[in-house]
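Everything on this sheet refers to the single structure shown next.
The values are calculated or read from the model by the stated rules, or taken from the named source; none is laboratory data. Here the structure is a predicted model, which is why all the values come from computation and not from measurement. Here the Cβ positions follow ideal geometry from the backbone for every residue, glycine too, while neighbour counts run over all protein chains shown. What goes into the accessible areas is simple: the full protein's heavy atoms, side chains included, and nothing from ligands, DNA or RNA. Shrake-Rupley method; radii C 1.70, N 1.55, O 1.52, S 1.80 Å.
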Amino acid sequence: MRSFTYARAATAQDALDACTGETRYLGGGTNLVDLMRLGVETPGKLVDVTRLPHDAIEHRPDGGVLIGAAVRNSDLAADPGVRERFPVLSEALLAGASGQIRNQATVGGNLLQRTRCAYFQDVSKPCNKRAPGSGCPAIEGEHHNLAVLGASPSCVATHPSDMAVALSLLDARVRVRRRDGEDVVALDSLYRDPGDDPSRDTTLDPGDLITGVEIPGPAGMPAKYRKVRERASFAFALVSVAGGIDVRDGRIHDSRIALGGVAHRPWRARRAEDVLRGAPATEESLRRAAATELERAEPLRDNGYKVSLAANLIVAVLGDLIGGRS
Amino acid sequence: MESADSGAPVTRADITLTVNGDLLRIDVDTRSSLLDVLREGLGLTGAKKGCDHGQCGACTVLADGRRVNACLLLAVAADGLEVTTVEGLADGDVLSPVQEAFLGRDAYQCGYCTPGQLCSATAVLDEAARGWPSAVTADVADAPDLDDAEIRERMSGNLCRCGAYVNIVAAVREAASPEPVQEVVR
Ligand SMILES: Cc1cc2nc3c(=O)[nH]c(=O)nc-3n(C[C@H](O)[C@H](O)[C@H](O)COP(=O)(O)OP(=O)(O)OC[C@H]3O[C@@H](n4cnc5c(N)ncnc54)[C@H](O)[C@@H]3O)c2cc1C
Ligand code: SF4
Ligand code: FES
Ligand code: FES
């Protein structure tokens, strides 16, 4: 591992000031330290942002919640107010990683964790995300767990976060401290499709500091997170779904759906949601909605199973909610 | 930390750790993991380096009472924490309830994963006592009892290459229940 200096920020301004050139912010380090050990990340300086005062979960009178970026994943999952009012968020967090990792991982770091694409993690291989212009070996190579939606000829990586999928369903906004002031970014605008610049996972600029995440209020409908993986626990998603549905008198009044494991970003399935609004609460409607969303899927040689898996998961999660079987 | 008055970049740091009750001041390379400091620096070789990537749990220790993977925690970032390793679980010669249960249930074969399993299980009991749910809890608003499904899920960050899982689950269940499940035979 390359040598680096270490500084601990006491305020957001400290962190921004300390962030020069080859600096990375250090959250729990569960992704960054791993990538440094692999040689994928080679910062000359780490600025530890875990002791910033953004470490509280603040439930607001308007029903919203403000979650500090330094809050640990396990504390967020265990927060009584979150479990009561945003259970889909607890479920997604608890579906991720292990008890040990969740104790270390921060909310800010979870949002900005890098893809688990094996070529990205192997510095002996080309990878447009790690070494722009070097190519994407995954497209012809090992891609059974990579993207089927929104990918590009430059990169077919997926975003690995479970938490971000639930946050997408909850219309979360990310608070960012930039050199030129504060900003609030909708979660869906934080992430991006790879296009011809997969080196950027998000729309943030280097040095931008995430200070927190705000959820405007409960989804207003029952919602559930379900994750399919290659073993029962402690594995990344093949496909996951955060789904919510509001049925009134046999009709679907509203629905929210976000998919994980299928794209470079948590994938908010707005086309499916549009199909569902006003439709009868039947399995046929769910099937049609899922098919409409996945029409755009462009599976590779070995990941076509994700298209049917995602469709089946949408139908299963929403169907269970309609049937009161969650 | 960083040198205020320039010169060469400072890539070492003086940190304070309380390890198994002893307050220590240690000079570390900023690159050192807590695991390497414990094992190489302090000779506490209980915590194991199975993967060095957070994937196996062999390096699990308690930091301020919470289980963490010491391989992914930079020592410099652990400055000020109270660390308990497997060497610190017992009270002198008196084993902790989790250690007793592992012994009684024969919850290991080669023993390589055991220090991590013991620290992790100790924290699992504490998390359950605080009412934390898990991924298999039907309603996350509930504080579930530690049945076998809950134990398996909560211990899933600790792999055992020998496959001693059945006895590990039994040991954690025994440590979790206030009265012994059955007569313990040594
Ligand atoms: C074995 C293993 C299994 C895992 N399984 C899962 C899983 O199933 N599901 C899942 O969702 N995740 C999983 N993870 C990933 C885990 O959730 C992430 O590693 C963790 O959430 C990252 O948080 P951190 O605080 O440790 O981030 P760090 O590693 O500290 O940082 C990650 C990135 O975020 C940046 N950063 C951190 N904080 C800020 C901030 N406030 N502002 C701006 N930038 C910041 C860092 O510079 C770095 O680039 C797994 C990880 C491991 C090691
Ligand atoms: S899919 Fe993206 S991350 Fe993976 S090798 Fe291709 S460019 Fe790199
Ligand atoms: S050595 Fe730390 S998890 Fe494997
Ligand atoms: S007892 Fe051998 S690895 Fe678990």
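Numbers for the structure displayed
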item	result
Helices (runs of 4 or more DSSP H) lying entirely in region A:230-326 (those with 1 or more residues that are surrounded by 15 or more Cβ atoms within 10 Å (Cβ to Cβ) and touching a Pro at 6+ places or on another chain (Cβ under 9 Å))	A:305-322
Region A:3-32 - residue that is more than 10 Å from every other protein chain (Cβ to nearest Cβ) and of a type in the set (G, A, S) and, of those, most open to solvent (accessible area, probe 1.4 Å)	A:G21
Subset tally (residues that are more than 14 Å from B:R161 (Cβ to Cβ), in contact with a Lys or Arg (Cβ under 9 Å, 6 or more places away or on another chain) and not in a helix (DSSP H, G or I)) for region B:100-132	1
A:T30 touching an Asp or Glu at 6+ places or on another chain (Cβ under 9 Å), more than 16 Å from ligand 2 (Cβ to nearest atom) and assigned to a loop (DSSP other than H, G, I, E, B)	no
Residues of region B:60-71 satisfying the condition of being facing chain A (nearest Cβ under 7 Å) and either among the hydroxyl-bearing types (S, T, Y) or touching a strand residue (DSSP E or B) at 6+ places or on another chain (Cβ under 7 Å) (or both)	B:T60, B:R67, B:V68, B:N69
Residue that is touching a helix residue (DSSP H, G or I) at 6+ places or on another chain (Cβ under 8 Å), among the charged types (D, E, K, R) and touching a residue at least 24 places away in the same chain (Cβ under 8 Å), where the choices are A:R179, A:R192, A:R116, A:R130	A:R179
Close pairs from region B:66-81: first within 14 Å of B:A47 (Cβ to Cβ), partner open to solvent by less than 10 Å² (accessible area, probe 1.4 Å) and within 16 Å of ligand 2 (Cβ to nearest atom), Cβ under 8 Å, at least 6 apart	B:L72/A:D34
Residue among A:G99, A:G63, A:G44 that is touching a residue at least 24 places away in the same chain (Cβ under 8 Å), in contact with an Asp or Glu (Cβ under 6 Å, 6 or more places away or on another chain) and either over 23 Å from A:L209 (Cα atoms) or not polar (S, T, N, Q) (or both)	A:G44
Scope region A:234-246; condition touching a residue at least 40 places away in the same chain (Cβ under 8 Å) and farther than 24 Å from A:R173 by Cβ; matching residues	A:F234, A:F236, A:L238, A:V239
Exclusive hit being open to solvent by 40 Å² or more (accessible area, probe 1.4 Å) and within 18 Å of the chain's Cα centre (by Cα), set A:R85, A:R102, A:R51, A:R116	A:R116
Only listed residue being in contact with a helix residue (DSSP H, G or I) (Cβ under 9 Å, 6 or more places away or on another chain), in a strand (DSSP E or B) and surrounded by fewer than 20 Cβ atoms within 10 Å (Cβ to Cβ), chosen from B:I15, B:I26	B:I26
B:V140 among the β-branched types (V, I, T), free of Cβ contacts under 8 Å to residues at least 40 places away in the same chain, surrounded by fewer than 20 Cβ atoms within 10 Å (Cβ to Cβ) and not assigned by TED's automatic domain parsing to the domain that holds B:N69	no
Criterion (away from ligand 3 (no atom under 14 Å from the Cβ) and not aromatic (F, W, Y)) met by exactly one of B:A63, B:A135	B:A135
Candidate set from region B:86-127 (those that are away from every other protein chain (no Cβ under 14 Å) and among the small types (G, A, S)); member that is nearest to ligand 3 (Cβ to nearest atom)	B:G111
Some residue of region B:136-147 being of a type in the set (S, T, Y) and in contact with a helix residue (DSSP H, G or I) (Cβ under 9 Å, 6 or more places away or on another chain)	yes
